[in-house]
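Report on one structure; see the data block that follows.
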Amino acid sequence: MISIVIPAHNEEQVLGRLLAALLSDAEPDEFDIVVVANGCSDGTEAVAAAHGVRVVSTPVPSKREALRLGDEAARGFPRMYVDADVELGTADVRALAAALRDALAAAPERELPMAGRPWVVRRYYALWSRLPHVRDGLFGRGVIAVSEEGNRRLRELPQVMADDLAASHAFTPAERVVVRTASVRIQPPRTVGDLLRRRVRAATGVGEWERNSTVTVRTSPRDILAIVRRRPLLADAAAVFLAVTVLARRRANRAIRSGDYTTWLRDESSRAQDLPGSKSQA
C-alpha cells in the first residue's frame with residue numbers, strides 16, 4: 001500500500017483538486033491517503049472527508065508538526081509527502097513508487113502553467129527552472145517519495161523551514177531520482193508580490209539551512225552566465241531573476257537575524273479557484 005501524507009493548513013479551495021487527481025484511477029485500497037489538517041479554520045477537513053480519505057487534526061498551524069503526525073498515522077511504503085496546493089495524478093504516484101525500487105527518494109518533473117501570469121513571474125521562472133540544482137534536486141516540487149529506508153533517513157533530519165531542501169540533500173545524487181514519467185502541476189504566483197513572498201520564504205529557509213549545514217545551496221553567477229550563453233534570449237530573465245533574488249534575500253535577512261523560522265509567507269494568489277487545465281480534467 002502506498003501511503004500519501006498531505007499537510008493542509010486552510011486548503012479548502014485546492015485540496016479537492018488534488019484528491020480528485022490522486023484518486024481518479026486508483027484501485028480500492030491502493031493508496032493510504034492521510035490529510036493532516038493543521039490549525040484549520042475553514043472546511044479543509046470536510047473536503048478531505050468527502051473524498052473518503054483519512055483525516056488527522058491538530059490545532060497547531062505547523063507544517064513540521066503535520067508531517068510528523070502524518071508519518072505516525074501512515075500505514076505503508078512507499079511513502080509520499082504531497083503539498084495540498086499541487087496536482088498529482090494516479091499514474092504519477094505509481095511511476096514514483098516504481099522508481100523507488102532502485103532509489104531511496106524520488107520526485108516528479110515540474111509542470112508550471114504560466115498562462116495569465118505577469119511578465120516578471122514568467123521571466124523569473126524561465127531562468128529558475130533551468131538552474132542545475134533546481135533541475136536535479138527534489139525540492140521545489142511539492143512532492144517527495146521515499147522508500148522505507150529513505151523514510152528512516154528523513155526522520156533523522158532536524159526540523160527546518162525548508163523541509164524539502166533538507167530532504168533533497170539527505171540523499172546523494174545516486175540515491176535520489178527525478179522521475180521523467182511523472183509530473184506534478186504547481187501553480188505559480190499570479191502577482192509579483194506573491195512571487196516575492198515565496199522567494200523571501202525560500203531565502204529564509206536557505207538561511208536556516210546554511211546555519212546547520214556545510215553544503216551551499218545558493219545560485220552561483222557562473223550557473224546564470226552558463227544559461228545565458230546557451231540561450232542569449234534569456235538575458236532579460238537573468239536580470240529579473242537577479243533583481244528578485246537580491247530583494248528577497250534582503251527581506252529574508254530580517255527574519256534570519258531574529259531567528260524567525262516559523263513565519264510562513266503564503267502565496268494566496270496561486271490558490272485562486274477555477275484554475276484551468278487541472279490534471280484531474282486532463
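Couple of notes before you dig in:
- C-alpha long axis of helix 90-99 to longest principal axis of the chain, angle in °: 80
- Whole-Hz Karplus values for region 103-109 come out as 9, 8, 8, 8, 8, x, 5 Hz, taken residue by residue from phi with 6.51 cos²θ - 1.76 cosθ + 1.60 and θ = phi - 60°; glycine and proline positions read x.
- Using the 1.4 Å probe convention, the accessible area of the chain works out to 47 Å² per residue with neighbouring protein chains retained.
- Whole-Hz ³J(HN,Hα) from phi, Karplus 6.51 cos²θ - 1.76 cosθ + 1.60, for region 194-211, glycine and proline x: 6, 4, 5, 4, 4, 6, 5, 4, 5, 5, 5, x, 5, x, 5, 4, 5, 6
- Region 218-235 and region 135-199: distance between their alpha carbon centers, rounded to Å: 23
- Relative contact order for region 37-134, counting Cα pairs under 8 Å that sit 6 or more residues apart, in percent: 16
- Derived scalar couplings ³J(HN,Hα) [region 31-44; Karplus, 6.51 cos²θ - 1.76 cosθ + 1.60; whole Hz; x for Gly, Pro]: 10, 9, 9, 10, 9, 9, 7, 10, x, 7, 10, 10, x, 4
- Taking a Cβ cut-off of under 10 Å around T204, the surrounding Lys, Arg, Asp and Glu residues balance to a net charge of +3, with basic ones at +1 and acidic ones at -1.
- Accessible surface of the chain [probe 1.4 Å, protein heavy atoms]: carbon and sulfur percent: 52
- Shown here are the Rg and Dmax of the Cα trace of region 1-96, at 12.0, 35 Å.
The values are calculated or read from the model by the stated rules, or taken from the named source; none is laboratory data. A quick note: this is a predicted structure, and the numbers were derived from the prediction, not measured. With ideal geometry, Cβ positions are generated from the backbone for all residues, glycine too; neighbour counts draw on all protein chains shown. Side chains included, ligands, DNA and RNA excluded: accessible areas come from the protein's heavy atoms. Shrake-Rupley method; radii C 1.70, N 1.55, O 1.52, S 1.80 Å.
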